[in-house]
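**Student:** Here you go, one structure.
The values are calculated or read from the model by the stated rules, or taken from the named source; none is laboratory data. Computed from a prediction, not measured in an experiment: that's the story for all the values here. Because the Cβ atoms are built from the backbone with ideal geometry, glycine has one as well, and the counts that use them run over all protein chains shown. SASA here: full protein model, heavy atoms, side chains in, ligands and nucleic acids out. Shrake-Rupley method; radii C 1.70, N 1.55, O 1.52, S 1.80 Å.
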Amino acid sequence: MANVIIMGAAGRDFHDFNVYYRERPSDRVVAFTAAQIPNIAGRRYPPELAGPAYPEGIPIHPEEDLERLIAAHDVDQVVFAYSDISYGELMHKASRALSAGASFGFLGPHATMLPAGKPVVSVCAVRTGAGKSPLVRSVVRVLRDRGFTPAVVRHPMPYGDLQHQICQRFATLSDLEQQSCTIEEREEYEPHIREGTVVYAGVDYARVLAQVEREADVIVWDGGNNDLPFFQPTIHIVVADALRPGHELAYFPGEANARMAHAFVINKVDEASEQDVAAVRRNLVSLNSAAPISEGVLRLTVPDSAVLQRKRVLVIEDGPTITHGGMASGAGLRAAERFGAVPVDPRPWAVGSIAAAYETYPHIGPVLPALGYDDEQLRELGETIRAVPCDVIVVASPVDLRRLISFDRPAVRVSYDFELVAGPTLEQILEPLTNDERGAIS
């Protein structure tokens, strides 16, 4: 029997265990390690999810303990199972495992993608923050217009009680409250719910798939970071970011997504130079010349833009895009600058885990990432917001933070929606569904 450690971030790691290792007697998973997301390490993957072979569940340790765990459990194999990591950083982690005596590897699509009984449109990306979620909403609208009943299945974010997050369904905003969703979860679920779309997520995606198949005739996979889909896609759309040329060749598993794509969308082309857009296009063609390429933009909407003129503003951005997504800023700062506001750098007033985030991600610009993985961090986010000397708060998180945090100054919300401006239309990309082509990635 081989002893295995799965390196993860409370997402793909659990999925890989469920679909590959849970009932595999030749391997024993002795531990998960956790990175990227706070407050995951120190818990256990519960017996109810781990199965009869793991009556005590499986411990989750900090990734920093990797070498010690390899030695303590005589580990044979370390399996890497999270996303949006540069090739250089990935190979440093591989070297840690190898130097401690273990093999290092990955599980591939044949081992981890679940076959669906309904067509699956997957929207994935080459990097976090490329603009998947606005594109997913556009895909859902097109499907509805064509007479389908779509439901969205979101990449997992099980940061709470895993036993109660096995299979989650979100149809109303009150569902977010009842299931104690974090800000990151709300950022992904709330925009869909506001458009009347049911969202599924969870821990055990075989159970999620079985339930969503009873409700929808098309499943739309809303990918997380730049991870691969958990379901075999009928149509696999992959988003690249015109503001980050070259990243499609340098981040895991974004390149794999690109190589498997049925269609590409280069997003944010209005914000990038022609040279950068052309560079991204060349790279995508070099990886996968069979996939057609469309171009898109994110249209900003700021209903109260007049109040920003010459005002000192605190800009709050989408959390994951700004942290492990590697972006210095996002739509909030762009809107503030467009409408004549003066951004105030919040770092001197950051407290607790918010201050720690700036140390962990020194690339962040003069903006505040919307972090709230637990009640304590949400309290620290509110304390930081109230401490920053500004006249107006610009909220570019997809979540209406005013429902979670008490603001003591006026707040202006920035929203953005996807618009395709060149190349095949979404109707053309989705045409195989009309023809009932139920193929999957081969």
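**Student:** Given (1) farther than 20 Å from Asp13 by Cβ; (2) charged (D, E, K, R); (3) part of a helix (DSSP H, G or I), identify the lone condition not met by Lys93.
**Tutor:** Checking Lys93 against (1) farther than 20 Å from Asp13 by Cβ; (2) charged (D, E, K, R); (3) part of a helix (DSSP H, G or I), the one that fails is (1).
**Student:** Related question: With respect to Leu176, is the statement that it is more than 23 Å from Leu433 (Cβ to Cβ) and open to solvent by 10 Å² or more (accessible area, probe 1.4 Å) true?
**Tutor:** No, not satisfied.
**Student:** Something else now. Within segment 372-385, can one find any residue that is open to solvent by 20 Å² or more (accessible area, probe 1.4 Å), of a type in the set (Lys, Arg), assigned to a helix (DSSP H, G or I) and without any contact (Cβ under 8 Å) to a residue 12 or more places away in the chain?
**Tutor:** Yes, some residue in segment 372-385 is open to solvent by 20 Å² or more (accessible area, probe 1.4 Å), of a type in the set (Lys, Arg), assigned to a helix (DSSP H, G or I) and without any contact (Cβ under 8 Å) to a residue 12 or more places away in the chain.
**Student:** Can you find even one residue in segment 44-52 that is of a type in the set (A, V, I, L, M) and over 21 Å from the mean Cα position of the chain (by Cα)?
**Tutor:** yes
**Student:** Of the residues Ala250, Ala201, which single one is under 23 Å from Gln163 (Cα atoms) and either surrounded by fewer than 20 Cβ atoms within 10 Å (Cβ to Cβ) or of a type in the set (Gly, Ala, Ser) (or both)?
**Tutor:** Ala201
**Student:** Return the pair list, or none, for Cβ contacts closer than 6 Å from residues in segment 1-17 that are over 11 Å from Val29 (Cβ atoms) and touching a residue at least 60 places away in the same chain (Cβ under 8 Å) to residues that are of a type in the set (A, V, I, L, M) and open to solvent by 10 Å² or more (accessible area, probe 1.4 Å), at least 6 apart or on different chains.
**Tutor:** Ala9/Ala35; Ala9/Ile37; Ala10/Ile37
**Student:** Residue by residue through segment 110-130, note down the ones that are surrounded by fewer than 24 Cβ atoms within 10 Å (Cβ to Cβ) and part of a loop (DSSP other than H, G, I, E, B).
**Tutor:** Step one: list which residues in segment 110-130 are surrounded by fewer than 24 Cβ atoms within 10 Å (Cβ to Cβ), which gives 110-118.
Across segment 110-130, the qualifying residues are Met113, Pro115, Ala116, Gly117, Lys118.
**Student:** Kindly establish whether Pro346 is open to solvent by 20 Å² or more (accessible area, probe 1.4 Å) and either at pLDDT 95 or above or touching a His at 6+ places or on another chain (Cβ under 7 Å) (or both). Spell out the reasoning first.
**Tutor:** Values: open to solvent by 20 Å² or more (accessible area, probe 1.4 Å): no; either at pLDDT 95 or above or touching a His at 6+ places or on another chain (Cβ under 7 Å) (or both): yes.
Criteria not met by Pro346.
**Student:** What number of residues in segment 72-118 are without any contact (Cβ under 8 Å) to a residue 60 or more places away in the chain and of a type in the set (Asp, Glu)?
**Tutor:** Result for segment 72-118: 1.
**Student:** So, in segment 356-371, of the ones that are surrounded by 16 or more Cβ atoms within 10 Å (Cβ to Cβ) and in a helix (DSSP H, G or I), which residue ends up modelled with the lowest pLDDT?
**Tutor:** Ala357
**Student:** Of the numbered conditions (1) aliphatic (A, V, I, L, M); (2) assigned to a loop (DSSP other than H, G, I, E, B); (3) under 21 Å from Gln163 (Cβ atoms); (4) open to solvent by less than 30 Å² (accessible area, probe 1.4 Å), Leu49 fails exactly one; give the number of that condition.
**Tutor:** Among (1) aliphatic (A, V, I, L, M); (2) assigned to a loop (DSSP other than H, G, I, E, B); (3) under 21 Å from Gln163 (Cβ atoms); (4) open to solvent by less than 30 Å² (accessible area, probe 1.4 Å), Leu49 violates only (2).
**Student:** Residues that are among the hydroxyl-bearing types (Ser, Thr, Tyr) and surrounded by 22 or more Cβ atoms within 10 Å (Cβ to Cβ): does segment 81-101 have at least one? Quick ask: steps written out before the conclusion?
**Tutor:** Narrowing segment 81-101 to residues among the hydroxyl-bearing types (Ser, Thr, Tyr): 82-83, 86-87, 95, 99.
Keeping just the survivors that are surrounded by 22 or more Cβ atoms within 10 Å (Cβ to Cβ) gives 82-83.
Taking every residue of segment 81-101 in turn, at least one turns out to be among the hydroxyl-bearing types (Ser, Thr, Tyr) and surrounded by 22 or more Cβ atoms within 10 Å (Cβ to Cβ).
**Student:** When you look at Arg214, is it of a type in the set (D, E, K, R) and more than 20 Å from Met157 (Cβ to Cβ), yes or no?
**Tutor:** yes
**Student:** Here are some conditions: (1) over 24 Å from Ile85 (Cβ atoms); (2) not in a loop (DSSP other than H, G, I, E, B). Ser353 meets all but one. Which one does it not meet?
**Tutor:** If we test Ser353 against (1) over 24 Å from Ile85 (Cβ atoms); (2) not in a loop (DSSP other than H, G, I, E, B), just (1) comes out false.
**Student:** Can you pull out every residue in segment 322-350 that is charged (D, E, K, R) and not in a helix (DSSP H, G or I)?
**Tutor:** So the first thing to find is which residues in segment 322-350 are charged (D, E, K, R), and the list is 334, 337-338, 345, 347.
Residue satisfying the conditions is Asp345 alone.
**Student:** Every residue in segment 196-226 that is in contact with a Phe, Trp or Tyr (Cβ under 6 Å, 6 or more places away or on another chain) and acidic (Asp, Glu), please.
**Tutor:** Asp217
**Student:** Could you list, in sequence order, all residues of segment 390-426 that are hydroxyl-bearing (Ser, Thr, Tyr), in a loop (DSSP other than H, G, I, E, B) and either free of Cβ contacts under 8 Å to residues at least 40 places away in the same chain or within 17 Å of Val315 (Cβ to Cβ) (or both)?
**Tutor:** Ser397, Ser406
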